[in-house]
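Following: one structure in structure tokens, then a few remarks.
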Amino acid sequence: MAPHHALRCCKRALNWVPVLFINLVVGWSYYAYVVELCVYTIPNNAERISYLVIFHIFLMMFVWSYWKTIGSKPAGPSKAFCLPRAEKELYEREERAEMQQEVLKKVARNLPVYTCTAGGAIRYCDQCQLIKPDRCHHCSTCEMCVLKMDHHCPWVNNCVGFSNYKYFVLFLTYASLYCIVICATVIQYFIKFWTKQLADTHAKFHILFLFFVAALFFISIVSLLSYHLWLVGKNRTTIEAFRAPVFTNGPDKNGFSLGLSRNMAEVFGDQAKYWMLPVFSSQGDGHSFVTRLVHIDPEQANSVLQQNEVCISPDCFISDGVPIVSVTMENDP
Ligand SMILES: [Zn+2]
Ligand SMILES: [Zn+2]
């Protein structure tokens, strides 16, 4: 085996260490809760059964969304974003950056691409050799361009992006609820052990520790969850929160925001029955996104919208009093 190949395998194996850690903690919490708390400590049968039922429901939802986040392959751009053979050869032959941009511009005319680099150039990935769709970024860990990339998360050893962002938010939600269920049901026994109302048994260590670990995890997870719910409400990815996407008229951190309810629907879908389930229900294909109409004269927008009774096309909306259209409809050749 070539040394660089062995090194790569080693790195890949090491990437699973945080996932293994989470699974060990969850495995131990299961033992501590079910065996040490419910079997050995709780004297009452009705209480024991109700705790076990609630605990298993939240555990199942948590594990389901966690493994969906881990197991969803990051979605990459379609072949339409790769340079056609002739243009690719031209691009590679050309040494002048301006001429390379001309080649890219020619190809990008036929694509729904509305964001550019800070310098106004077409966003091109040299590693993947493709024009990056809006909100797509190259992940150096996954070694690919990822659609609507949010961040690469070591705790799930996967890229969080278009294909699994909903699962990721649900994973944080159910992880927080799992910790709350543990804390809320364990606290009375925690106090009893702490104040010596219950005898010192081997369960004492597990139950005291279980409460501390669940409370600690809850504090860290809930702060991350609040941040991501705020991002969903604003229709921003973590990357965009740090660096606003650049449109033809300049950077606009709210460029993709369509108002709270539509922003939520973009991630969770428009059917309420799927919102809390880790099944795919996000809107769109991850390649193009509806954006705010930033460059229209308000008078002109109003007259167009009135003529067409609010909606000019299925991709046009009024949100928070701001007229918006789909950029995919606006690509002038
Ligand atoms: Zn790439
Ligand atoms: Zn990645």
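None of the figures in this text is laboratory data; all of them are computed from the coordinates on show. Everything numeric in this text was worked out from a predicted model, so none of it was measured.
Using a cut-off of 17 Å between alpha-carbon atoms, which lysines can reach LYS192, once sequence neighbours fewer than 8 places away in the same chain are excluded?
Result set, ordered by chain and number: LYS204.
Quick check: Cα centre of the stretch 77-102 to Cα centre of the stretch 41-60, how many Å?
61
With viscosity set to 1.567 mPa s and temperature to 4 °C, compute the Stokes-Einstein D of the chain, Rh being the Kirkwood radius across alpha carbon pairs; µm²/s, no decimals.
56
Please sort through the DSSP H helices of the chain and keep those with an alpha-carbon extent of at least 18 Å along the long axis and a Kyte-Doolittle average not below -0.5.
17-31, 45-71, 165-194, 202-234
With 30 Å as the limit, write out which pairs from LYS11/LYS253; LYS148/LYS273; LYS73/LYS234; LYS11/LYS73 have Cα-Cα distances beyond it, or answer none. Don't jump to the answer; show the numbers that get you there.
Working: LYS11/LYS253 35 Å; LYS148/LYS273 24 Å; LYS73/LYS234 25 Å; LYS11/LYS73 19 Å.
LYS11/LYS253, as the Cα separations exceed 30 Å there.
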